[in-house]
Amino acid sequence: MIMGAGLGTRMRPLTDDRPKPMVTVMGKPLIDHALDRLVAAGVTLAVVNVHYRADMLRAHLAGRRDIEIRTSDETGELLGTGGGVVKAMPHFGGEPFFILNSDSVWVEGYVPALTQMQHLWEPERMDGLLLLAAMTAAMGYEGTGDFVMDAEGHIARPERNASPYAYPGVQIVHPRLFRDAPEGEFSTNRMWDRAIAQKRLYGTRLEGMWIHVGTPQARLDAERYLTALNPAVLKPA
């Protein structure tokens with residue numbers, strides 16, 4: 001699933017005439033960066049939730065031929081990161097699935113991040129597996145970190161304000177993570193906190209560089225950084 005229903009308010013004025021997933025980085029819409037990563041990992045179906053300028057996003061997605069794409073309509077009501085997933089859940093047939101934020105762009109390490117996650121995924125003991133970026137490998141991120149992680153990969157909230165890892169918006173989840181979820185709008189944080197308490201939320205470190213494209217300035221900074229690298233870094237392995 002790709003989270004594509006946000007309003008993109010921090011990205012204005014670039015989102016005045018388009019949804020945030022259609023903002024380009026290196027000449028490619030953000031959502032195509034995400035879809036390309038999924039295709040490279042062998043994913044054959046993607047569900048994209050839509051809200052703001054949904055028709056424009058649907059029209060663009062209709063042009064993809066390398067992956068089946070379905071949309072989950074939130075034009076009537078935004079459901080948040082948790083409620084949006086719950087609404088789309090029937091598309092996944094009870095199987096674990098990736099969730100990507102539409103603004104997640106990263107430079108790969110030696111092993112592609114999604115492949116790394118697929119190899120580590122253990123549904124018997126995991127309700128969720130989050131990709132985590134070290135704060136030293138996070139560009140355009142203005143926070144103080146999101147999680148701490150122990151040697152076995154269990155993740156938890158930091159006891160202090162700062163923490164060593166940020167969440168780049170990429171995870172694998174088992175549908176049971178959303179068991180007994182509330183109706184309507186809610187945040188995935190609610191489900192994460194329960195899984196943390198049960199020692200069933202895990203993390204794995206991104207080997208490359210996370211580039212958070214959340215504002216117009218962050219987009220410019222991202223393009224400068226990527227232009228200085230070999231353009232091949234944006235191509236899935």
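Quick note: the coordinates plus some simple rules give every number you see, no bench work behind them. Being a predicted model, the structure only gives us computed values, none of them experimental. Glycine also receives a Cβ, built like all others from the backbone with ideal geometry; neighbour counts cover every protein chain displayed.
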Table column - 3J(HN,Hα) (Hz), region 210-224, Karplus curve with 6.51, -1.76, 1.60, x for Gly and Pro: 8, 10, 7, 9, x, 9, x, 5, 4, 5, 4, 4, 4, 5, 5
Label-point gap, in nm, between residue 205 and residue 68 - each point 7 angstrom along Cα→Cβ: 3.8
Distance from region 17-74 to region 140-202 (C-alpha centre basis), Å: 25
Full-extension gain in nm, residue 220 to residue 10, via 0.36 nm per residue minus C-alpha separation: 74.2 nm
Length added when fully stretched, residue 161-residue 187, from 0.36 nm per residue minus Cα-Cα: 7.3 nm
Pairwise Lys count, the chain - Cα closer than 29 Å, eight or more residues apart or different chains: 6
